[in-house]
2 protein chains.
Amino acid sequence: MSLLIALTLATAAATDAADHHDEAPTSEPRWSIVIHGGAGTILRENMSAEKDAEIRAALDAALRAGEAVLRDGGSSMDAVTAAITLLEDDPNFNAGRGAVFTWEGTNSLDASIMRGDTLEAGAVAGLSTTRHPILAARAVMEDSPHVLLSGEGADTFATQKGLEQVDPAYFYTQERHDALIRYKAHVEAQEQLSQLDIDHKFGTVGAVALDVHGVISAGTSTGGMTGKRWGRIGDSPIIGAGTYANDRCGISATGTGEKFIRLSVAHAICTMDVSATPPAEELAKRGTTLIIPLAPHQQLQRAADHLIARVGELDGSGGVIGLSSTGAPIYSFDTPGMYRGHSTSQGWRAVAIYKDEE
Amino acid sequence: MSLLIALTLATAAATDAADHHDEAPTSEPRWSIVIHGGAGTILRENMSAEKDAEIRAALDAALRAGEAVLRDGGSSMDAVTAAITLLEDDPNFNAGRGAVFTWEGTNSLDASIMRGDTLEAGAVAGLSTTRHPILAARAVMEDSPHVLLSGEGADTFATQKGLEQVDPAYFYTQERHDALIRYKAHVEAQEQLSQLDIDHKFGTVGAVALDVHGVISAGTSTGGMTGKRWGRIGDSPIIGAGTYANDRCGISATGTGEKFIRLSVAHAICTMDVSATPPAEELAKRGTTLIIPLAPHQQLQRAADHLIARVGELDGSGGVIGLSSTGAPIYSFDTPGMYRGHSTSQGWRAVAIYKDEE
């Protein structure tokens, strides 16, 4: 145990040495937020300087919205919805405006949200007129006995709760519609999809926050995958798959949703016990063994890496973001890039796109 | 460990002593199946002798259908669908014909299925014309890249796959429609629902089977809850909540679905590590300690009991059935009754309704 403690203290010392004006010296942040805007084949060579800057500015703005809530002592639930509604409004991301198109040429929006202390959760699937799906998910959680509402009924519920309704054309973007046309042409020609087109499935957004009251909340919002048919629902509105939060952890996922559902990825990460020591018999056989327990965020990081590896074994790909109960950010993804960012009360702040960025 | 082995052998000896004509002496069954028809306030005093006999006959028939598949070396997937399609056809259960009614007076059917060796899964939500929702879930698993399809699109998919379509009136039963009328009257009068009406939410059916090839499959089918609105989706079509299977376990759940989703009940049971020995430090403190590892089915039973207790903590109720990889049946429920049955290649066979039945 002493080795671990030494490492933790060293990190804390480094933290305190940095420029953290409004924070008393402590090894744990008072609040923390982590966001994502999807994972995929995001490569420097395919990204213009303008697009790169635009994405970073959007992630920065979403982080700032969440930070403002948390700094004022607001709830992690408010921070998560503040960050996600901005990303939903931004056509750069596959959620809200800028969502991908279904096979029928419509936009069909899914979202979910969960708070870790009470395990309350809400989700919506197949919205077509509610501007901010994440707010509809939150309304399901707070104002209904249900967890998951779907289709027209979910828009009706959101309308009854006073959430902004828009003409379905609001969600339209030329780029996403072009992607549908290309996708349908490929499918009809039975051709293999290029990596670029496969990546049009990605772009889901999500956020996880820890507030000063110690509550973790997590949320996810998406348009799903280009060309989806038959009312397909992916992992984003599935509590346990795309989103989960408990008193230990919060997770938001993005990627090939079906594989994330089959592994209950978000729930698995938040509940996996990677700290267990070997069975007593095994320990006895080994004789004297130094066992260094993992810190909570190390356990979660290991669990997240394990689950993303398992998604890969099922021929899926994608990533997750998360927070431990101590506010430490978790990232794991197997794609060349993931739009992501995090910020804590201690001033640790970063926005990143490519895998090689810290 | 020796204590545990001794107990297992004693059980095996008792098993072999019974009348098991077609089975070589062994401590584990070659195949096994467990089914349920819902959990709720099922009390002897409210049940006529005729209804009691009818339910037992229906459970028996579903078991026999599954047994026939498994005895011939068929797959657990086939056994699960054989048992569930019979229960879907039986108006005594809230699945297929006999499903409860939505607020709008329609039937809206959900189902899911999963095989444990490959983690393949399929599910449907909001069907209204497909006679056997469990077969639609299976078609999603086997013939689409998706896991969950919803609404009209899911019926369209099932039609394209050649599954029997029926007029929505096929699902109508007087009893369930009366329950809707009562429910709406209560809600409109803001009255408290009686226990009997609350129980009209229940009646979900499910099956879990282990075949001679060692593969576990699990499936669940339901009409949801009486008076559901806004496209409400419960736990039954949610892989991880109402249904899960892996190489260790298969689970099908029934009850207040929202609470089962928030706890990812089926996934939690199948992955919970209840065998972990205490941390090494703790062991060192205790000095010499005899630790008796739990057998796989004991671990699962403990995990199932733990999750049903947690559902209760969230003011929910219901139950689960399951199988371990050794074919041992798992039951856990907090209601006065649960329609259930199990059968193994060794001739262990039982159908039960009330809590006090073995």
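The values are calculated or read from the model by the stated rules, or taken from the named source; none is laboratory data. Computed from a prediction, not measured in an experiment: that's the story for all the values here. Here Cβ is always computed from backbone atoms with ideal geometry, including for glycine, and neighbour counts include all displayed protein chains.
Can you pull out every residue in the range B:91-119 that is of a type in the set (Val, Ile, Thr) and closer than 23 Å to B:TYR183 by Cβ? Result: B:VAL100, B:THR102, B:THR106. Of all the numbered requirements in (1) surrounded by fewer than 24 Cβ atoms within 10 Å (Cβ to Cβ); (2) within 14 Å of chain A (Cβ to nearest Cβ); (3) within 23 Å of the chain's Cα centre (by Cα), B:VAL215 misses one, and that requirement is (2). Look at (1) surrounded by fewer than 24 Cβ atoms within 10 Å (Cβ to Cβ); (2) part of a loop (DSSP other than H, G, I, E, B) and you find that B:GLY203 fails only one, number (1). Of the residues making up the range B:306-355, those that are under 19 Å from B:VAL208 (Cβ atoms), aromatic (Phe, Trp, Tyr) and in a strand (DSSP E or B) are B:TYR331, B:PHE333, B:TYR339. Restricted to the range B:41-53, and to residues there that are surrounded by 14 or more Cβ atoms within 10 Å (Cβ to Cβ) and out of contact with any Pro (no Cβ under 8 Å at 6 or more places or on another chain), the residue that is modelled with the highest pLDDT is B:ASP52. For the range A:132-145, the set of residues classified as free of Cβ contacts under 8 Å to residues at least 24 places away in the same chain and not in a helix (DSSP H, G or I) consists of A:SER144, A:PRO145, listed by residue number.
Here A:VAL274 meets each of (1) within 23 Å of B:CYS270 (Cβ to Cβ); (2) away from chain B (no Cβ under 11 Å); (3) modelled with pLDDT under 90 with one exception, condition (2). Against the condition in contact with a Lys or Arg (Cβ under 9 Å, 6 or more places away or on another chain), at pLDDT below 95 and more than 10 Å from every other protein chain (Cβ to nearest Cβ), how does B:GLY312 come out, does it pass? Spelling it out, it is not the case that B:GLY312 is in contact with a Lys or Arg (Cβ under 9 Å, 6 or more places away or on another chain), at pLDDT below 95 and more than 10 Å from every other protein chain (Cβ to nearest Cβ). For the range A:232-277, the tally of residues that are in contact (Cβ under 8 Å) with a residue 60 or more places away in the chain and surrounded by fewer than 24 Cβ atoms within 10 Å (Cβ to Cβ) stands at 4. If you filter the range B:116-131 down to residues that are free of Cβ contacts under 8 Å to residues at least 60 places away in the same chain and over 17 Å from A:GLU258 (Cα atoms), you find that the one that is farthest from the other protein chains (Cβ to nearest Cβ) is B:ARG131.
Scanning the range B:300-358 for residues that are free of Cβ contacts under 8 Å to residues at least 60 places away in the same chain, more than 18 Å from B:ILE261 (Cβ to Cβ) and touching a helix residue (DSSP H, G or I) at 6+ places or on another chain (Cβ under 8 Å) returns a single hit, B:LEU300.
Of all positions in the range B:82-103, at least one carries a residue that is within 14 Å of chain A (Cβ to nearest Cβ) and surrounded by fewer than 19 Cβ atoms within 10 Å (Cβ to Cβ). With the requirement that a residue be more than 10 Å from every other protein chain (Cβ to nearest Cβ) and under 21 Å from B:LEU149 (Cβ atoms), what does the range A:137-146 give you? Correct list: A:ALA137 only.
Taking the residues in the range B:70-91 that are of a type in the set (Val, Ile, Thr) and in contact with a strand residue (DSSP E or B) (Cβ under 8 Å, 6 or more places away or on another chain) as candidates, determine which candidate is farthest from B:TYR170 (Cα to Cα). The residue in question is B:VAL80.
Taken over the range B:147-180, the criterion of being within 14 Å of chain A (Cβ to nearest Cβ), of a type outside the set (D, E, K, R), part of a helix (DSSP H, G or I) and crowded, with 19+ Cβ neighbours inside 10 Å is satisfied by B:GLY151, B:GLY153, B:ALA154, B:PHE157, B:ALA158. If the condition is being β-branched (Val, Ile, Thr) and touching a His at 6+ places or on another chain (Cβ under 8 Å), then the range A:28-61 contributes A:ILE33, A:VAL34, A:ILE35.
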